[in-house]
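Since the structure comes first, as structure tokens, the remarks are kept for the end.
The values are calculated or read from the model by the stated rules, or taken from the named source; none is laboratory data. Please read all numbers here as calculations on a predicted model, not as lab measurements. As a convention, Cβ positions derive from the backbone with ideal geometry for all residues, glycine included, and neighbour counts pool all protein chains shown. Note: areas computed on protein heavy atoms with side chains; ligands, DNA, RNA excluded. Shrake-Rupley method; radii C 1.70, N 1.55, O 1.52, S 1.80 Å.
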Amino acid sequence: MYNYQLHQQITESLQQNELDIAGKDNLFYTRFVANTSAISSLYNELYGHHAKSKEIFSSLIETISNGYKKRPDVLKSSDEEKEIQGHWFLSNEITGMSLYVDRFCGNIKNMESKLDYFKKLGVNFLHLMPIFESPQGESDGGYAVSDFRKVDERFGKLEDLIHLQKKMSNEKMYLMLDIVLNHTSHRHEWAEKAKQGDKKYQDYFYMFDDRSIPDQMERTMPEIFPESSPGNFTYVEECKKWVMTVFHNYQWDLNYSNPVVFIEMLDTILFYANLGVDILRIDAPAFIWKQLGTGCQNLPQAHLILRLIKQCVQVATPGMALLGEAIVAPKEIMKYFGTGLYTAKECDFAYNATQMALQWDALATGDTRVMLAAQHEILQKPFGTSWITYTRCHDDIGLGYDDYMIEQTGYNPYEHRKFLKNYYSGVQEDSPARGALFSVNPKTQDARISGSLASLCGLEKALQENNETDIDLSVRKILLMQAQSFFIGGLPMIFYGDELGYTNDYSYLQDAGKSYDNRWMHRPVIDWQKNKKVDVEETLEQRIFSSTQKLISIRKKLEVVADHKNLNWLTPHNIHIAGYLRSSADKKLYCLFNFSNEAAYLTWFAFKEHGAAPKKLYDHWQDKYYDVGYNHEFLIIEPYSFCLLEPQ
Ligand code: GLC
């Protein structure tokens, strides 16, 4: 609701900051006034009780207006263009790739010469995995940041990043970076000061004199890395205190019940926005609020913080969308898009982690029923928000969907997950997959799965055995997995190396800073000699690359694939086939995926259940036409194959 006092406060603050609220900064001023009451009520809900609440609220206003003031003009214009376009990020023309700059091409400068490679593939959105300063050997792949504003020397300098962003933007490419919100490295200046006894900075973290509270909290907090980093607290010799470390012992959890921490991190978020970040990946948002007696994940206050961030970004740097990396239970993931009054006003994106894991489920069993049992949940995503869709990323695959989804299919959840773990870790003798279990919890036997897309799809084994039939099957599986995630709605994010079938890289075992974490097996070092083969006819690299390229270009042509909440699942006439329909007022696309190792038959009736029945269908994937037959006749889909059928 409109609040006169707040309006005055904003006006005065912006005027003091020499902003031209009646002239060139008027749009910003308007956005600010429009969002102020939301900002203030979210802030008060979180921090209203704090002794310095009022004072810190003023510095929040200051931070927002400084964020805007420092925004380069070119980004301000791009903000306006994006606003005019509206929901720019839902477009079917954006395809992403996530990569480690050093492992991909050495450093940020070299990235510039790789832009043609992305263009050739059709990728126009890059997620650069963390590049800010992080101690070697205690880095968690860059997710233990010791300086949020300094690019790590290994990658180059901040100027290199700025230069790259400009070049990308000129080439109409988008950029995503991470904000590691939940924790800092124990080498961060704040942590160092806390170790030296500085009370101000000790309050930036959760620090305790003895084990009494940590012990109570441990009772309800799950462990994230039970093998390599058991427990949630670490003893700090220097200050003789226990500090909360939910992830690795070198990652100290920030204390967001302290509003000063919020302001510091918001300032960094706006700093990243002003580097030209188009989508900001908020790392591990599920963890940002802790409370005794809870699991310290997905708490309501974590959502308040994200909403507050969203409102502030919306005012200062509206062209930057937010991705919440919440890899949690299906129902919980949905909440990161916002609920109630804040529906579609929290994170613009979340990872479709449920769907990703379910694709792996279907690939192992050849049965798509568990995948279907989960869709009513996934389909709750609000209009105007979107998924990052993917088959692999730098992390492990968690089988975090609900037991009831498995039970509905008639499987026993415990046995079913055990089967999947054995299948993908290669423990099961006849399994073609070559992965490994990650973070096995000895108490619960919970585990996740590591391994590259190609190795999990059987390519590593098939190549070792030089088995042409199996090589062919594994390539089909790779493309089936990619295709399903490309067309389901959302922004597809390819993990680097998967575009040409990199298998697991075991060199991490020789590096003491990595050997304790088998996620490194699927984070390849790119060999550009191998990558050159994408141009050599009849190589495996060429086959996978050109097929991926084709999928991307089909996607770019079909506007109906843009994520406008226009997805319907087809009736499961055949349990081996997952089929969905993407539709707009005048277009339709039937996407059908056969997860079994045998040809699957689908009654033509499947095409007659959604409005006017088409007579002819064109398969964009195989460049082939089909006449829609009688209901007792069938469309036949080859093993691990798919069709992208548009009614003619
Ligand atoms: C996120 C990252 C993961 C990292 C963790 C802790 O989940 O994706 O790689 O280990 O956060 O920062």
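Residues in region 500-522 that are within 16 Å of the ligand (Cβ to nearest atom) and either part of a helix (DSSP H, G or I) or open to solvent by 30 Å² or more (accessible area, probe 1.4 Å) (or both): Y508, K514, S515, Y516, N518, R519, W520, M521, H522. Among all residues of region 398-412, there is none that is surrounded by fewer than 21 Cβ atoms within 10 Å (Cβ to Cβ), outside the structural domain of I637 (by TED's automatic domain parsing), in contact (Cβ under 8 Å) with a residue 40 or more places away in the chain and outside any loop (DSSP other than H, G, I, E, B). Only residues that are surrounded by fewer than 22 Cβ atoms within 10 Å (Cβ to Cβ), touching a residue at least 40 places away in the same chain (Cβ under 8 Å) and farther than 14 Å from L645 by Cα were counted in region 574-595, giving 1.
Would you say D267 is acidic (D, E), more than 15 Å from the chain's Cα centre (by Cα) and open to solvent by less than 20 Å² (accessible area, probe 1.4 Å)? Taking the combined requirement at face value, the residue does not satisfy it. Looking across region 363-375 at every residue that is of a type outside the set (S, T, N, Q) and outside any helix (DSSP H, G or I), the one that is surrounded by the fewest Cβ atoms within 10 Å (Cβ to Cβ) is identified as G366.
One residue stands out in region 324-333 among those that are within 14 Å of the ligand (Cβ to nearest atom) and not in a helix (DSSP H, G or I): the one that is most open to solvent (accessible area, probe 1.4 Å), namely I327.
In the condition set (1) of a type in the set (A, V, I, L, M, F, W, C); (2) within 25 Å of the chain's Cα centre (by Cα); (3) open to solvent by less than 60 Å² (accessible area, probe 1.4 Å); (4) not assigned by TED's automatic domain parsing to the domain that holds L589, V525 is compliant with all but (3).
I need the full set of residues from region 470-509 which are closer than 23 Å to A353 by Cα and of a type in the set (G, A, S), in order please. Selection gives S474, A483, S485, G489, G490, G497, G501. Filter region 76-88 down to residues that are in a helix (DSSP H, G or I) and open to solvent by 20 Å² or more (accessible area, probe 1.4 Å), then give me how many there are. Number of matching residues: 9.
Checked against the criterion of being open to solvent by 20 Å² or more (accessible area, probe 1.4 Å), within 16 Å of the ligand (Cβ to nearest atom) and on the phi < 0 side of the Ramachandran plot, region 334-341 contains not a single residue that satisfies it.
Return only the number of the condition from (1) buried (at least 19 other Cβ atoms within 10 Å of the Cβ); (2) part of a loop (DSSP other than H, G, I, E, B) that E538 does not satisfy. Of (1) buried (at least 19 other Cβ atoms within 10 Å of the Cβ); (2) part of a loop (DSSP other than H, G, I, E, B), only one is false for E538: (1).
Of the helices (runs of 4 or more DSSP H) lying entirely inside region 94-212, those carrying at least 1 residues that are closer than 30 Å to S515 by Cβ, within 16 Å of the ligand (Cβ to nearest atom) and open to solvent by 30 Å² or more (accessible area, probe 1.4 Å) are 101-105. Scanning region 376-397 for residues that are under 16 Å from the mean Cα position of the chain (by Cα) and not in a strand (DSSP E or B) gives I378, K381, T385, Y390, T391, R392, C393, H394, D395, D396. The listed residues are R417, R434, and the only one of them that is of a type in the set (K, R) and in a loop (DSSP other than H, G, I, E, B) turns out to be R434. Yes or no: region 289-307 includes at least one residue that is free of Cβ contacts under 8 Å to residues at least 12 places away in the same chain, open to solvent by 10 Å² or more (accessible area, probe 1.4 Å) and not in a loop (DSSP other than H, G, I, E, B). The answer is yes, given that some residue of region 289-307 is free of Cβ contacts under 8 Å to residues at least 12 places away in the same chain, open to solvent by 10 Å² or more (accessible area, probe 1.4 Å) and not in a loop (DSSP other than H, G, I, E, B). Residue-level analysis places V33 outside the set of residues that are surrounded by fewer than 16 Cβ atoms within 10 Å (Cβ to Cβ) and of a type in the set (A, V, I, L, M).
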